[in-house]
Amino acid sequence: MYVVIGAGGFLGSYLIKNLTEKTDEEILAASRDVKNAVEGRIRWVHCDVLNDTSLHSLTQRINRERKRKIIWLPAFFNTCKAYDRYVAWNTNITAYAKFIGMLEGFEVFYSISTDMVFSKDSDIPYREDAAVSPLNDYARHKLAEEAMAAAAGIHIVRLPVMMGRSLSPYKKHFFDEIIENNRRGLGMKFFMDSWRSIIDFNTAAEALLELMESREASAYRIVNIAGDEALSKYDAALRIAKKYDLDTSRILPVSMKDDTEIWKERRPGKILLDNTLVKKLLHRAELKFSLCE
């Protein structure tokens, strides 16, 4: 049985999609909002990881299942305001610690980390064993999660910026906003001098599920899932505009040094993840940011 915690999020939705299309396994999907979930062969269960009773109930249900393959996705990025810092800490660290403390074993367990555990600009992509230097509080939270995972025998995938159309009719992704704003005649600004190993949600989901089914991958505690190319958000937005026959003149480049609106906290210039290992494990020649649906 696959258990996806955070199944209602962007990556979680693509994991559910790939699980239903490519496996015949039972699926337990946990999310804060399940009122519009379609059951099928998926068993949806409500879980708010910040609520102890809800988290305990989910864990007890998981403990009754056999051959548990678990994916933990809950994450809270914003740590700027006092309340947000509280939610971020308890989502990223406290809930994770409580969950693995209550869990009675698993067949395989993966959770998600970030390329922001690195902060120094580099033309050379960071390998899994590179020395970390967290960029912000969210990255520090993820390193704490990585340490707990190591102690509990849990595997980690580090991910870069991910993009793709939302699979939820109720929640839009930045990808959707690019298309909608462009069609409404609105220009949008995108950094042209901040490069990441951008990958789409679907390709990341496919790769994660293949890792979970790979005996060879079980030997590696941390694996990067990332695209082959160094792309800025401006590069990515231009590709999206061309794919959907949008007006590319509304895709506006901006430099990080000139920006006073988009980000209030520091962001890297060039942080890339080395994806050599994941391509070797999955026997793939390439991993690229795909606009296929």
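This table checks each residue for (1) within 22 Å of the chain's Cα centre (by Cα); (2) assigned to a loop (DSSP other than H, G, I, E, B); (3) outside the structural domain of Ala147 (by TED's automatic domain parsing).
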| position | (1), (2), (3) |
| --- | --- |
| Glu206 | yes, no, no |
| Leu209 | yes, no, no |
| Ser214 | yes, yes, no |
| Ser218 | yes, no, no |
| Ala236 | yes, no, yes |
| Ile240 | yes, no, yes |
| Asp245 | no, yes, yes |
| Ser249 | no, no, yes |
| Leu252 | no, no, yes |
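So which residues in the stretch 77-91 are crowded, with 18+ Cβ neighbours inside 10 Å and more than 13 Å from Asp48 (Cα to Cα), if there are any at all?
Thr79, Ala88
When the stretch 92-131 is limited to residues that are under 30 Å from Lys279 (Cβ atoms) and out of contact with any strand residue (DSSP E or B) (no Cβ under 9 Å at 6 or more places or on another chain), the one that is surrounded by the most Cβ atoms within 10 Å (Cβ to Cβ) turns out to be Asn92.
Table: residues versus (1) farther than 28 Å from Phe175 by Cβ; (2) surrounded by 15 or more Cβ atoms within 10 Å (Cβ to Cβ); (3) in contact with a His (Cβ under 7 Å, 6 or more places away or on another chain).
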| position | (1), (2), (3) |
| --- | --- |
| Val4 | no, yes, no |
| Phe10 | no, yes, yes |
| Glu21 | no, no, no |
| Arg61 | yes, yes, no |
| Arg66 | yes, no, no |
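Answer with yes or no whether Ala37 is more than 23 Å from Ala152 (Cβ to Cβ), at pLDDT below 95 and surrounded by 14 or more Cβ atoms within 10 Å (Cβ to Cβ). Give the steps one after another, and end with the answer.
Details: more than 23 Å from Ala152 (Cβ to Cβ): yes; at pLDDT below 95: yes; surrounded by 14 or more Cβ atoms within 10 Å (Cβ to Cβ): yes.
In short, yes.
Return yes or no: is Met212 at negative phi and at pLDDT below 95? Criteria not met by Met212.
Here is a yes/no grid of residues against (1) within 14 Å of the chain's Cα centre (by Cα); (2) modelled with pLDDT of 95 or more; (3) not in a loop (DSSP other than H, G, I, E, B); (4) not aliphatic (A, V, I, L, M):
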{"residue": "Ser119", "(1), (2), (3), (4)": "no, no, no, yes"}
{"residue": "Ala130", "(1), (2), (3), (4)": "no, yes, no, no"}
{"residue": "Pro134", "(1), (2), (3), (4)": "no, no, no, yes"}
{"residue": "Lys142", "(1), (2), (3), (4)": "yes, yes, yes, yes"}
{"residue": "Glu146", "(1), (2), (3), (4)": "no, yes, yes, yes"}
{"residue": "Ala150", "(1), (2), (3), (4)": "no, yes, yes, no"}
{"residue": "Ile156", "(1), (2), (3), (4)": "yes, yes, yes, no"}
{"residue": "Leu167", "(1), (2), (3), (4)": "no, no, no, no"}
{"residue": "Tyr170", "(1), (2), (3), (4)": "no, no, no, yes"}
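Quick check on the stretch 142-178: of everything there that is among the aromatic types (Phe, Trp, Tyr) and in contact (Cβ under 8 Å) with a residue 60 or more places away in the chain, which residue is surrounded by the most Cβ atoms within 10 Å (Cβ to Cβ)? The extreme case among them is Phe175. Select, from Val108, Val45, the only residue that is under 20 Å from Ala7 (Cβ atoms), without any contact (Cβ under 8 Å) to a residue 24 or more places away in the chain and aliphatic (A, V, I, L, M). Only one candidate qualifies: Val45. Scanning the stretch 179-202 for residues that are free of Cβ contacts under 8 Å to residues at least 40 places away in the same chain and in a helix (DSSP H, G or I) yields a total of 1. Considering each of Ala205, Ala219, Ala241 in turn, give the residue that is without any contact (Cβ under 8 Å) to a residue 12 or more places away in the chain and on the phi < 0 side of the Ramachandran plot. Result of the check over Ala205, Ala219, Ala241: Ala219.
The values are calculated or read from the model by the stated rules, or taken from the named source; none is laboratory data. Fair warning: this is a prediction, and the values are worked out from it, not measured in the lab. Using ideal geometry, Cβ is built from the backbone for each residue, glycine included, and neighbour counts are taken over all protein chains shown.
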